[in-house]
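Student: First the structure, which I've put down as structure tokens, then a few questions once you've had a look.
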Amino acid sequence: MLPALLIGITAGARAMTPFTIVSDAAAQGTLPPGSGAPAWLGHPLTALGAKLLAGGELVGDKQPDAPDRTVAAGMTARVLTGALAGAALTARRQRLGGMVAGGLAAAGSAYVTLALRKRAMARFGQASTGVVEDVLVLTLARRALSAACRRAGA
């Protein structure tokens, strides 16, 4: 369940990052064998769409009028992508547990990362803190995928 929790944490900060990481891995055939990922996740158009949406999110996050990540639409997206990515990083027989872990971690992480980001923005500004957060989120998401692959023996 650790990879599902980690990928869920990333969803709390960036809704599309975990979805993009697992979709890209599914498209390349590098998800853990026997994962709980739905087949459509690895379709090339799904992976491309996820990358485009993630790119838009990365740009939009740095804008002064960007909404808080805890607004209803943002929170819904975070919980859904965290749950989907959590399922994709767990064994098929543990898919439900991975979904719950990823979704709950995303919800909790959204509030924690928002509070941390606001404190950092007061000192360093929106764009620079956003870039640092992007790097941290991408690193954690990739580590979650690697951990899932190691646990599955892939």
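Student: Any residue in region 126-154 that is touching a residue at least 24 places away in the same chain (Cβ under 8 Å) sitting within a Cβ distance under 7 Å of a residue that is assigned to a helix (DSSP H, G or I) and surrounded by fewer than 17 Cβ atoms within 10 Å (Cβ to Cβ)? List the pairs, counting only those 6 or more apart or interchain.
Tutor: Ala147/Leu2
Student: Return the only residue of Leu138, Leu89, Leu48 being under 15 Å from the mean Cα position of the chain (by Cα), open to solvent by 30 Å² or more (accessible area, probe 1.4 Å) and among the hydrophobic types (A, V, I, L, M, F, W, C).
Tutor: Of the residues listed, the single one that is under 15 Å from the mean Cα position of the chain (by Cα), open to solvent by 30 Å² or more (accessible area, probe 1.4 Å) and among the hydrophobic types (A, V, I, L, M, F, W, C) is Leu138.
Student: For region 53-74, enumerate the residues that are open to solvent by less than 50 Å² (accessible area, probe 1.4 Å) and assigned to a loop (DSSP other than H, G, I, E, B).
Tutor: Asp61, Lys62, Ala66, Arg69, Thr70
Student: Conditions: (1) closer than 19 Å to Ser23 by Cβ; (2) open to solvent by less than 70 Å² (accessible area, probe 1.4 Å); (3) aliphatic (A, V, I, L, M); (4) modelled with pLDDT under 95. Ala154 meets all but one. Number of the miss?
Tutor: Tallying (1) closer than 19 Å to Ser23 by Cβ; (2) open to solvent by less than 70 Å² (accessible area, probe 1.4 Å); (3) aliphatic (A, V, I, L, M); (4) modelled with pLDDT under 95, Ala154 fails exactly one: (2).
Student: Tally the residues that are outside any helix (DSSP H, G or I) and touching a helix residue (DSSP H, G or I) at 6+ places or on another chain (Cβ under 6 Å), restricting the search to region 86-143.
Tutor: Total meeting the criteria: 2.
Student: Next question. Looking at region 7-37, which of the residues that are outside any helix (DSSP H, G or I) and of a type in the set (S, T, N, Q) is least open to solvent (accessible area, probe 1.4 Å)?
Tutor: Applying the filter and picking the extreme gives Ser35.
Student: Related question: Do any residues in region 48-69 that are in contact (Cβ under 8 Å) with a residue 24 or more places away in the chain and closer than 20 Å to Gly82 by Cα have Cβ atoms under 7 Å from those of residues that are surrounded by 14 or more Cβ atoms within 10 Å (Cβ to Cβ) and of a type in the set (Asp, Glu), where the two are at least six apart or on different chains, and which pairs are they?
Tutor: Leu58/Asp134
The values are calculated or read from the model by the stated rules, or taken from the named source; none is laboratory data. Note that the structure is a prediction, hence the values are computed from the model and not measured. No Cβ is skipped: glycine too gets one built from the backbone with ideal geometry, and neighbour counts run over all protein chains shown. When the accessible area is computed, the model is the full protein with side chains, heavy atoms only, and any ligands, DNA or RNA have been set aside. Shrake-Rupley method; radii C 1.70, N 1.55, O 1.52, S 1.80 Å.
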